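Everything below concerns the one structure shown next.
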Amino acid sequence: MNAIGLLIIILLILMVLVGGAQGIKAFVGLVLNFMAIFILMILINWQFNTYIVTALMSVVILALAIYLGAENPFVTNTAFKTSLIVVAILMLLSIIVQHLGQFQGFATENSEELEGLSLQVGLPFTKIAVVVMVISILGAVAEAAMAIVADLNEVIERTPNLSHKSLYAHAHIIGGQILGTAINTLFFGVLGANLPLLIWFIRLRYSLSMFFNAKLLMMEIVTMILGMLGILLSIWVASRLVAHEYTKIQKINMKKES
């Protein structure tokens, strides 16, 4: 057994011990999402429209991550709506950012790895760069949406007569807590993954301008910033959707009482 197989088994055991049946569902969702990404790569390789395939597979990935991660219908439905809205916005933004920054293809640092290989693969790397950015932010968006909706739903259940002002105050406090930890997770994840590249750049005495023009590094930074924007938008959109649903529930209850 290799190291990856051992880590997967340990992950499964811990998920079962911590989450029970819900942990098993989350693990199954993880496996299905891996298959979804694999299907995404196959469809792009078969020359299907990159943007349409990415949009459809993003919906599938978000649905698996959210609906297999919780059981409360209100939490999952609201988090799913939030994620769809945010990902749609970020996908449009990633297309614009890619057009302006031209974060596609291979960088000069890849020359040794690509030596002797054909670059005529017939795939639009401009669109693949957008796919990479969108897929990379799905987890952060779904996690932030689930966290804020679940916490606000718990607040509403504990205090049924909560005013809208108090609800938004709770959303502000909870959102701030989620924002700090989630953004730090993204930042240190990108920093850790690119630490060897940064050390290499420093050892080669790259100037500041070369840092900012390095495709490999800038692509990761842009993806990280899009992820941070996704977290911010998820908190904002989810808060509004929860408040809207809460208003509808209050109106229905008032009609029943009258």
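A few points about this structure:
- Tally, over the stretch 142-173, of residues that are of a type in the set (A, V, I, L, M), under 24 Å from Leu90 (Cβ atoms) and free of Cβ contacts under 8 Å to residues at least 60 places away in the same chain: 1
- Residue in the stretch 1-33 that is farthest from the chain's Cα centre (by Cα), counting only those that are within 29 Å of Val131 (Cβ to Cβ) and loosely packed, with under 11 Cβ neighbours inside 10 Å: Asn2
- Within the stretch 201-213, residues that are loosely packed, with under 10 Cβ neighbours inside 10 Å sit with their Cβ atoms under 9 Å from residues that are modelled with pLDDT under 75 and not polar (S, T, N, Q), at 6+ positions apart or across chains, in these pairs: Leu204/Met210.
The values are calculated or read from the model by the stated rules, or taken from the named source; none is laboratory data. Here the structure is a predicted model, which is why all the values come from computation and not from measurement. As a convention, Cβ positions derive from the backbone with ideal geometry for all residues, glycine included, and neighbour counts pool all protein chains shown.
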